[in-house]
Amino acid sequence: MQLQLEGIVKNFRDKEVLKGISLRLENGVYGLLGPNGAGKTTMIRILADILQPTKGRILINGQDKNACGDEYRAKIGYLPQDMSFYSDFTGRDYLEYVAALKGVPAAEAREQIEALARNVGLSGDLHRRCVTYSGGMQRRLGIAQALLDNPEILILDEPTAGLDPHERIKFRNIISAYSKDRLVLLSTHIVSDVDSIAKQVMMMEYGKVERLGSSEEYVRQIENCVWSLRIPVERLVEFQNSAVISNVVPHGDMMEVRVISENKPSADAVPVTPNLEDAYLYIFNYLPLKPAA
Ligand SMILES: Nc1ncnc2c1ncn2[C@@H]1O[C@H](COP(=O)(O)OP(=O)(O)OP(=O)(O)O)[C@@H](O)[C@H]1O
Ligand SMILES: [Mg+2]
């Protein structure tokens, strides 16, 4: 499976929200990171065929998606960032409805619904009305509907928002197992969700995909730039105005601060091993990255 974006531009009135995105995606998990308003959902909605781009085109295995008609949509499982439910639908009604829209035969749909409900931990709740679900349960129902009919391309907009830690780990395992011969694109603000499962991570800002690379490549670029040091709590607010802080843990009367800086930030700072979240903060604090070795 190959998905190609060619010069995708999207304008809303006179505002250019996507500024010419060209990418080639293949099987595997792609993580999409970027600050609020970067254009992640807009790009995802174009890929999910909900929005048309102002300019540019999407190719699937070399063919323009608009020339594929309904076949393109049939290949896609899509979880929108915001979902709404009919008030009288139960979880099972909802999954049966989506299965019918996807053209899954009823008996096959029942089997898939049982298996997916088990995988996302909703087996005991399918008889309940969706509007009575918690936010995390609605998210899991959304993940299940996206996976119905085994789509070749899975596009998930903030799938883990609102999931508790246990369910997030289960989600990662589902996606890892699923992505073997599938293309998965997921956006998130939880960097650790993509760190462990994405083969490639995209960093998006101001309507452009600024960087694409493996987690290891990002981390390599900030080697020797992450430090740990201790400061008194009353210095913390002032300190964060002049440094990029990636984490703070109380330590007795002091705060243990994880800092991203090209130079040693204080005499007692000790270097620590960087992670993808450090790289994210480094990039989106407008500090130029060192060229990759
Ligand atoms: N239908 C619309 N009409 C006008 N402007 C829009 C529309 N949809 C999105 N935008 C604008 O496009 C920009 C990108 O929005 P988008 O929702 O794609 O960002 P995002 O990266 O998904 O953000 P978040 O992390 O908050 O979900 C924002 O400035 C937003 O206000
Ligand atoms: Mg969004």
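The values are calculated or read from the model by the stated rules, or taken from the named source; none is laboratory data. Everything numeric here is computed off the predicted structure, so don't read it as measured data. All Cβ positions, even for glycine, are placed from backbone atoms using ideal geometry, and neighbour counts span all protein chains on display. Note: areas computed on protein heavy atoms with side chains; ligands, DNA, RNA excluded. Shrake-Rupley method; radii C 1.70, N 1.55, O 1.52, S 1.80 Å.
Summary table below
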item: The range 194-206 residues that are farther than 25 Å from K170 by Cα and in contact (Cβ under 8 Å) with a residue 40 or more places away in the chain, paired with ones that are open to solvent by 30 Å² or more (accessible area, probe 1.4 Å) and not small (G, A, S) (beta carbon under 9 Å, 6 or more apart); result: M204/P35; M204/E210; M204/R211; E205/P35; Y206/K19
item: Some residue of the range 121-134 being open to solvent by 10 Å² or more (accessible area, probe 1.4 Å), assigned to a loop (DSSP other than H, G, I, E, B), touching a residue at least 40 places away in the same chain (Cβ under 8 Å) and not aromatic (F, W, Y); result: yes
item: Selection from the range 230-261 of residues that are over 15 Å from L281 (Cβ atoms) and part of a loop (DSSP other than H, G, I, E, B); result: G252, D253
item: The range 172-187: number of residues that are within 16 Å of ligand 1 (Cβ to nearest atom) and in contact with a helix residue (DSSP H, G or I) (Cβ under 6 Å, 6 or more places away or on another chain); result: 1
item: Tally, over the range 187-204, of residues that are within 16 Å of ligand 2 (Cβ to nearest atom) and either among the small types (G, A, S) or surrounded by fewer than 18 Cβ atoms within 10 Å (Cβ to Cβ) (or both); result: 3
item: Candidate set: the range 76-93, residues that are within 16 Å of ligand 2 (Cβ to nearest atom) and buried (at least 18 other Cβ atoms within 10 Å of the Cβ); chosen: the one farthest from D149 (Cα to Cα); result: L79
item: Count of the range 61-82 residues which are within 16 Å of ligand 1 (Cβ to nearest atom) and either assigned to a helix (DSSP H, G or I) or farther than 23 Å from G142 by Cβ (or both); result: 0
item: Candidate set from the range 8-27 (those that are over 22 Å from G77 (Cα atoms) and not in a strand (DSSP E or B)); member that is least open to solvent (accessible area, probe 1.4 Å); result: D14
item: Residue selected from the range 28-60 under the condition in contact with a strand residue (DSSP E or B) (Cβ under 7 Å, 6 or more places away or on another chain) and open to solvent by 50 Å² or more (accessible area, probe 1.4 Å), by the criterion farthest from ligand 1 (Cβ to nearest atom); result: R57
item: Matching residues in the range 146-169 - criterion: being over 17 Å from I44 (Cα atoms) and either more than 16 Å from ligand 2 (Cβ to nearest atom) or open to solvent by less than 10 Å² (accessible area, probe 1.4 Å) (or both); result: L148, D149, N150, L163, D164, P165, H166, E167, R168, I169
item: Residues within the range 82-141 that are β-branched (V, I, T) and farther than 24 Å from I155 by Cβ, tallied; result: 3
